[in-house]
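We did not get these values from a lab; they are worked out from the coordinates using the rules stated. No experiment lies behind these values; they were computed from the predicted model shown. Glycine gets a Cβ as well: all are built from the backbone with ideal geometry, and neighbour counts include every protein chain shown.
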């Protein structure tokens, strides 16, 4: 999506008495930075930083609400909790001017288009703004933060290891974030999906997805699910993967882990209770599944948040 038409119906209506703060900046390499900020104050704060026009900006709101202010308040763009924003405008600089609400966290990655292109040169046809035809065009994209990205972003903003390894740690995590952001398996390419020729089948597959979500603790077997939606087992397997980019079981596990992650963050339930609620009969099975998905145990994940 191009950054040509950001609605101004939320334009700034008046000046607020908001304190200005500075990002915690980590230089990964030349023209490659990671910025973090946790606003744990009672009032919102403003973060400002100059950015050159050859720079890609990735912004991730992990918690709370962040507001991007453009053109001296002419436009305001909200980034909700667990959402991201990608900005690129080679025609003019887009200085960072963010108002971060109280109890809100943000992580930003800045990287020059030249350095970024070198990382993904073989993927130029896949990442649309890297195409030759788009090299001088503005680019804007918002979206949700995936569960796998949320883990890495939390590790960055809650970094508490020895300061001597911070640069190395952040470098690895910055590359990991970019890899996860452009992971083509995170979303299926609906436009190229031949299964969508039959809209009736797509409706049935959506029903299958709704069924396994509503019954995630005790899901039906694949054959029972196929019978419930009126598709053959083969069409259920093939179609689900084409439309949702994963197997039925893989999709369900990812969904369970996302629900579990949010429940752990809320602190309302302990690890055993969360495991039972998402359908694991023993805590050891739940812990193993969580670690396989996110690379850490539920207990360690909770500790990283604190």
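For this structure, a couple of remarks:
- Using the Cβ-Cβ distance between residue 160 and residue 291 with R0 = 22 Å, the FRET efficiency computed as 1/(1 + (r/R0)^6) comes to roughly 0.60.
- Fewest-first sequence of 286, 58, 70, 240 by Cβ atoms within 10 Å of each Cβ: 70, 58, 286, 240
- Computed over the stretch 236-306, relative contact order equals 21 percent, with contacts defined as Cα pairs under 8 Å that lie 6+ residues apart.
- Gyration tensor verdict on the stretch 19-181 (Cα atoms; rounded if a/c is under 1.5, prolate if a/b is larger than b/c, oblate otherwise): oblate
- Each residue in 211, 177 was given a count of other beta-carbon atoms within 10 angstrom of its own, and listing them fewest first yields 211, 177.
- Sequence-separation-based contact order of the stretch 19-181, relative, with Cα cut under 8 Å and 6+ spacing, percent: 28
- Scaled to the globular estimate 2.2 N^0.38 Å, the Cα spread of the stretch 207-306, given as radius of gyration, is 1.17.
- Extension gain from residue 200 to residue 233, taking 0.36 nm per residue of separation minus the Cα-Cα distance: 10.3 nm
- The tail of the calculated P(r) for the stretch 250-305, taken as Cα-Cα distances beyond 17 Å, holds 23 percent of the pairs.
- Pair residue 272, residue 18: separation of 7 Å Cα→Cβ label points (nm): 4.6
- Approximate spin-label separation residue 41-residue 114, in nm, with each point projected 7 Å along Cα-to-Cβ: 3.7
- 261, 92, 206 arranged by Cβ crowding within 10 Å, fewest neighbours leading: 92, 206, 261
- FRET E, pair residue 30, residue 221, Förster distance 51 Å, beta-carbon r, rounded to 0.05: 0.40
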